[in-house]
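Rule-based calculations on the coordinates, nothing more; no lab input. Nothing here was measured: the structure is a model prediction, and the numbers come from that model. In this analysis, Cβ positions are derived from the backbone assuming ideal geometry, glycine residues included, and neighbour counts consider all displayed protein chains.
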Amino acid sequence: MTLTTSIPVKKTTQSRISTVDFKNLGFGNYISDHMLVAKYDNGAWQEPQIIPYGDLMLSPAMLSLHYGQAVFEGMKAFYMNDGAINIFRVERHHKRLNKSLARMCMPAISEDLFTAGLEAIVKTDAAWIPKDDGSSLYLRPVVFASEAKLGVKVADQYLFVILTSPVGPYFSKPVRLKVELEYVRAAEGGTGFAKCAGNYGGAFYPTQQAREQGFDQVIWTDAKEHKYIDESGAMNIMFVIDNKLVTPALSSSILDGVTRNTLITLAKDMGVTVEERKISIDEIEKAFQQKTITEAFGAGTAAVVSPIATINIHGIDYQLPEVKADGFQLAVKKKLQDIRSGAAPDTYNWNHIIR
Ligand SMILES: *Cc1c(COP(=O)(O)O)cnc(C)c1O
């Protein structure tokens, strides 16, 4: 089945693109003209279609609202140097979506539906892909239970929707993070590895508390002992200690970030030693005291790397040195940018190119 050519498109008669300030996009402020919608019913995904973006008619009894069957992805499309459109790492995002869906007892989405759906929506709203350096079209596939019923059950009806949003370059100023020692985001055996909506709902309160205390985000620690580092907010966390790239090993309580995987792969190519293992708070505290920690940053699709300025451990602020032009973060970000733009060879087939 080749869906790409066959997905019907109902075009809007009132494009909103003239209202977009492409010089000041920010993140998530605009939603493009169209959306892809596919229904799951009678045990199968039905033919997807592209329609003008707008409200859907849904029952307040739909099961996702009550029992939380909702998962999503976050990815990016952009123009390459030669004018082709690139959707980055489609395959890996697809695999992760299906892992999240399986954990929530939701029906898998075929690679064909996912890929063809992304290609079709990106082509339809190609005019919304920003052209400035570092800008991109953020893609938000989301799947949720749409069946209306109050009884606690696994839903029989779902919607798969892809929204897109033009986003600007994410110049994240170095952030202040607090190691969270009271609340947890995810426990081993829970849903932390799934990109499900509920993980975010539960993270808001502790994050809000941290904001009131003057921090930007929290660093989550393990649910059992609050001793080991999991990740930070909606990003995986990485450190440069003794010139090695050190990051928590994946577990059921950590989201398997595509950016994390990309940066680890590139670091190895750059000859940097990479350690994926348990990292205790004590180790980080000692590394600050002995000045062996030189960089710390978040890794995620939105910002790629987000430098960390301060880590608060047991009430003490530890400062990272300023991000250096010849440091790891900027070097790896440049390497990634070169692959995505076509300036460097795409050895790992990460680029999904549409012409
Ligand atoms: C999406 C997400 C990340 C980052 O994953 P990427 O695939 O790199 O964007 C990290 N942690 C959490 C909790 C997330 O939801």
Checklist entry - How far, in nm, would the chain grow between K268 and M80 when pulled straight, counting 0.36 nm per residue and subtracting the alpha carbon separation? => result 65.2 nm
Checklist outcome for this item: Taking the alpha-carbon centre of each part, the distance from the range 152-172 to the range 1-74 in Å is 8
Checklist entry - If you stretched the chain out fully between A108 and I353, how much longer would it get, using 0.36 nm times the residue separation minus the C-alpha to C-alpha distance? => result 85.8 nm
Item to check | chymotrypsin sites (Phe, Trp or Tyr not before Pro), loop per DSSP, at most 15 other Cβ atoms within 10 Å - longest free stretch of the chain | outcome: 172-347
Checklist entry - Exactly which trypsin sites (Lys or Arg not before Pro) in the range 135-192 are in a DSSP loop and have at most 16 other Cβ atoms within 10 Å? => result K149, K153
Next on the checklist: If each DSSP helix of 4+ residues adds -39,500 (n - 2.57) and the sum is divided by the residues in the chain, what number results at 222 nm, nearest 500 deg cm²/dmol?
Outcome noted: -7500 deg cm²/dmol
Checklist outcome for this item: So, with points 7 Å from each Cα along the Cβ direction, the T19-S251 label distance in nm works out to 4.6
Item to check | With at most 11 neighbouring Cβ atoms within 10 Å, loop GluC sites (Glu not before Pro) (DSSP) excluded, longest segment of the chain | outcome: 1-181
Checklist entry - If you line up the Cα atoms of the range 44-87 on their principal axes, what length do they span on each, largest first, in Å? => result 48, 24, 21
Checklist entry - What FRET efficiency comes out for the pair K10/R140, r = Cβ-Cβ distance, R0 = 22 Å, nearest 0.05? => result 0.65
Next on the checklist: I'd like the antiparallel share, as a percent to the nearest 5, of DSSP beta bridges with both residues in the range 175-341.
Outcome noted: 65
Checklist entry - Rg(Cα) of the chain divided by 2.2 N^0.38 Å? => result 1.02
Checklist entry - Can you give me the pair-distance distribution of the range 175-341, C-alpha pairs, 10 Å bins, whole percents? => result 10, 42, 37, 11, 0
Checklist entry - Nearest 0.05, what FRET efficiency do R211 and D317 give at R0 = 25 Å with Cβ-Cβ as r? => result 0.95
Checklist entry - Tell me, what is a quarter of the convex hull surface for the C-alpha atoms of the range 3-167, in nm² with one decimal? => result 10.1
Next on the checklist: If a paramagnetic tag sat 7 Å from the Cα of K99 along the Cα-Cβ line, which residues of the range 53-91 would have the backbone N under 20 Å from that point?
Outcome noted: 69-76, 88-91
